[in-house]
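Note sheet for the following structure.
The values are calculated or read from the model by the stated rules, or taken from the named source; none is laboratory data. If you're wondering where the values come from, they're calculated on a predicted model, not measured in any experiment. Positions of Cβ are generated from backbone atoms using ideal geometry, with glycine treated the same way; all protein chains shown enter the neighbour counts.
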Amino acid sequence: MSGFVDLYTASGTILHRMDPRVKIVSVVFLSLLAIIITELVYLLILAAALAGLIFIGRASLSKTLIALRYVLRVMVLIIILWPFFDPHGTPVLFEFGLIKITLPGILGGLETAVRVFCLAVVWYILMFTTSQGDLVRALVKMGLRFDFGLSLSISLRFLPTFTATVESIKDAQRARGMELDKGSLKKRAMNYVSVLVPTIIMALKTADTLSLALQSRAYGARADRTYLRELWMRPVDYLALCISIAIFAIPATAKYIFSVPL
Amino acid sequence: MAIVGSNACGKTTLAKNLNGLLRPTAGTVVVAGRAAEDQTVAQLSRVVGYAFQNPDHQLFCATVDEEVRFGPVNLGYPEDQIRAKVEHAIEAMSLQSVRKLSPHTLRLSNRRRVSIASVIAMDPQVIVLDEPTTGLDAGETKVLMENVLRLNREGRTIVLITHDMRIVAEYASRVLVMTNGRIVLDSDPRGAFADLDVLRNCGLVPPPVTLLAHRLAKLGIPKDVLSSQELVLRIVLEKGGAR
């Protein structure tokens with residue numbers, strides 16, 4: 001569970017050191033790029049380039065596969081099912097009653113699968129090269145209210161803690177002879193009440209304690225909050241920003257203004 | 001029986017193996033003569049009851065009575081037996097005066113007694129108490145431990161996980177000292193508190209009165225003193241003997 005929540009892998013690669021604001025902007029532009037490109041060849045080039053970025057960020061293969069396992073499954077589903085529901089164009093490869101499979105249909109499935117892959121990988125790169133703290137800091141610097149940023153980072157921070165509490169509560173009730181997954185539907189629902197009630201009470205207590213802890217550390221003492229860690233744009237960050245804008249802007253201009261088929 | 005040792009030395013892990021909440025990666029656990037591996041947690045909880053450290057992890061009913069009933073009802077006892085077991089558990093933990101109240105409104109010492117009572121009500125032969133006295137004051141600790149002692153005299157085995165060496169000295173008849181996941185000492189409290197080096201390696205300090213006895217060893221006082229009365233008696237005897 002905690003591995004799913006926090007994909008971040010500490011490291012010192014160029015992607016890790018990049019300003020998180022630049023990373024967020026770049027990720028948005030690369031996502032848009034993946035959406036506007038419709039030619040399979042160019043999508044494959046984009047996918048290869050993104051895979052290269054994973055390599056530059058030195059993500060471990062096993063962690064990447066775990067993080068992308070659902071995406072990979074969805075891709076397989078898209079490739080298999082797409083041709084059945086999109087039988088347009090010629091040549092027709094196979095026809096039997098209502099089922100008709102065409103070459104453009106198969107290519108359409110592949111194209112969508114690669115697009116989904118690109119979108120997932122772009123966001124995965126952001127998540128594994130940026131700590132949750134940096135991410136929230138960047139969002140706050142980009143105009144998110146600090147209260148919301150803090151709530152966001154606190155909820156992310158408490159997910160693993162909360163999971164551990166729920167496990168402990170389940171253990172405590174199992175030790176009292178409760179069998180969570182046994183009995184009729186009504187019995188099982190009642191069983192979960194014995195987990196739910198302590199969980200809610202613990203959550204409320206935690207929130208209460210947390211708010212006291214925040215207040216005792218002078219949270220909200222002044223409106224113009226100062227920051228211990230400032231984010232500074234280095235020349236290389238500006239360069240990266242320009243490159244990512246160009247990577248999006250050039251194909252977009254070519255496609256929509258000069259009607260180049262992309 | 002008391003299990004002592006520094007934090008994260010494996011006390012709770014050992015205890016959770018007793019009722020199947022944790023399963024060993026190697027070796028077998030035998031509970032009351034039967035291998036634990038082919039029994040479910042529910043089956044094992046008839047033999048080994050486990051009261052968790054934090055009572056708030058298990059309390060969820062509207063009244064103390066219902067809370068105590070939950071265990072025996074789960075185990076499927078007939079109604080008259082359930083009633084008898086609940087009565088016994090409420091009495092054993094002296095909860096008569098609060099039995100109609102909501103467990104969440106009670107103070108910590110009472111919430112803990114409710115959680116222990118809910119385990120007693122399942123009528124197990126062995127009761128594991130995970131740090132039952134943490135956060136209680138001296139008076140609450142004494143009352144709780146006297147209740148626990150009574151259960152012990154009924155013939156139940158009490159497994160007590162604790163950091164409080166005074167409780168160990170006063171109540172335990174057997175002490176397991178653990179460090180780094182291993183049992184390094186298995187003896188009565190006198191034997192356990194005699195070797196200061198072993199205890200220090202496990203992050204433990206015996207009760208002050210035992211430490212004092214160690215300091216007085218030169219005067220001929222035995223090192224295995226467990227209570228102040230005993231120390232006074234020893235000193236008087238020693239002085240009488242010198243004359």
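Values as computed for the structure displayed
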{"item": "Tally of residues being within 27 Å of A:Arg21 (Cβ to Cβ) and surrounded by 10 or more Cβ atoms within 10 Å (Cβ to Cβ) across segment A:207-225", "result": "4"}
{"item": "Residue that is farthest from the other protein chains (Cβ to nearest Cβ) [pool: residues in segment A:190-200 that are surrounded by fewer than 16 Cβ atoms within 10 Å (Cβ to Cβ) and either under 17 Å from B:Pro103 (Cβ atoms) or in contact with a Cys (Cβ under 6 Å, 6 or more places away or on another chain) (or both)]", "result": "A:Ile200"}
{"item": "Counted residues, segment A:57-100 - those being farther than 21 Å from A:Phe128 by Cα and either basic (Lys, Arg) or in contact with a Gly (Cβ under 9 Å, 6 or more places away or on another chain) (or both)", "result": "14"}
{"item": "Residue in segment B:117-125 that is away from chain A (no Cβ under 14 Å) and at positive phi present", "result": "no"}
{"item": "Segment B:192-243, residues that are surrounded by fewer than 12 Cβ atoms within 10 Å (Cβ to Cβ) and under 29 Å from the mean Cα position of the chain (by Cα)", "result": "B:Asp197, B:Arg200, B:Pro208, B:Gln229"}
{"item": "Test set (1) assigned to a loop (DSSP other than H, G, I, E, B); (2) more than 14 Å from chain A (Cβ to nearest Cβ); (3) within 29 Å of B:Lys16 (Cβ to Cβ); (4) of a type outside the set (D, E, K, R) - B:Ile90 fails condition number", "result": "(1)"}
{"item": "Test: B:Gly71 is facing chain A (nearest Cβ under 9 Å) and either buried (at least 20 other Cβ atoms within 10 Å of the Cβ) or polar (S, T, N, Q) (or both)", "result": "yes"}
{"item": "Any chance A:Leu43 is buried (at least 17 other Cβ atoms within 10 Å of the Cβ) and part of a helix (DSSP H, G or I)", "result": "yes"}
{"item": "Restricting segment A:226-252 to residues that are surrounded by 12 or more Cβ atoms within 10 Å (Cβ to Cβ) and either at positive phi or not hydrophobic (A, V, I, L, M, F, W, C) (or both), the residue that is nearest to the chain's Cα centre (by Cα)", "result": "A:Ser244"}
{"item": "Elements of type helices (runs of 4 or more DSSP H) in segment B:193-243, at least 2 residues being modelled with pLDDT under 85", "result": "B:196-201, B:228-242"}
{"item": "In segment B:97-147, the residues that are crowded, with 19+ Cβ neighbours inside 10 Å, of a type in the set (Val, Ile, Thr) and closer than 19 Å to A:Ser168 by Cα", "result": "B:Val114, B:Ile116, B:Val119, B:Ile127, B:Val128"}
{"item": "Residue in segment A:102-109 that is under 20 Å from A:Phe29 (Cα atoms), modelled with pLDDT of 85 or more and touching a Phe, Trp or Tyr at 6+ places or on another chain (Cβ under 8 Å) present", "result": "no"}
{"item": "Some residue of segment A:100-109 being more than 14 Å from chain B (Cβ to nearest Cβ), touching a residue at least 60 places away in the same chain (Cβ under 8 Å), in contact with a helix residue (DSSP H, G or I) (Cβ under 9 Å, 6 or more places away or on another chain) and under 30 Å from A:Leu228 (Cβ atoms)", "result": "no"}
{"item": "Segment B:10-30, residues that are within 13 Å of chain A (Cβ to nearest Cβ), touching a helix residue (DSSP H, G or I) at 6+ places or on another chain (Cβ under 9 Å) and surrounded by 17 or more Cβ atoms within 10 Å (Cβ to Cβ)", "result": "B:Lys16, B:Asn17, B:Leu18, B:Asn19, B:Gly20, B:Leu21"}
{"item": "Sole residue being within 14 Å of chain B (Cβ to nearest Cβ), at pLDDT 90 or above and either in contact with an Asp or Glu (Cβ under 7 Å, 6 or more places away or on another chain) or part of a helix (DSSP H, G or I) (or both), chosen from A:Leu204, A:Leu119", "result": "A:Leu204"}
{"item": "Checklist (1) surrounded by fewer than 20 Cβ atoms within 10 Å (Cβ to Cβ); (2) more than 20 Å from the chain's Cα centre (by Cα); (3) facing another protein chain (nearest Cβ under 8 Å) applied to B:Gly33, failing item", "result": "(3)"}
{"item": "Single match in A:Lys187, A:Lys170, A:Lys182 (criterion: within 14 Å of chain B (Cβ to nearest Cβ), in a helix (DSSP H, G or I) and modelled with pLDDT under 85)", "result": "A:Lys187"}
{"item": "Segment B:32-47 - residue that is free of Cβ contacts under 8 Å to residues at least 40 places away in the same chain and touching a helix residue (DSSP H, G or I) at 6+ places or on another chain (Cβ under 8 Å) and, of those, nearest to B:Pro124 (Cα to Cα)", "result": "B:Leu44"}
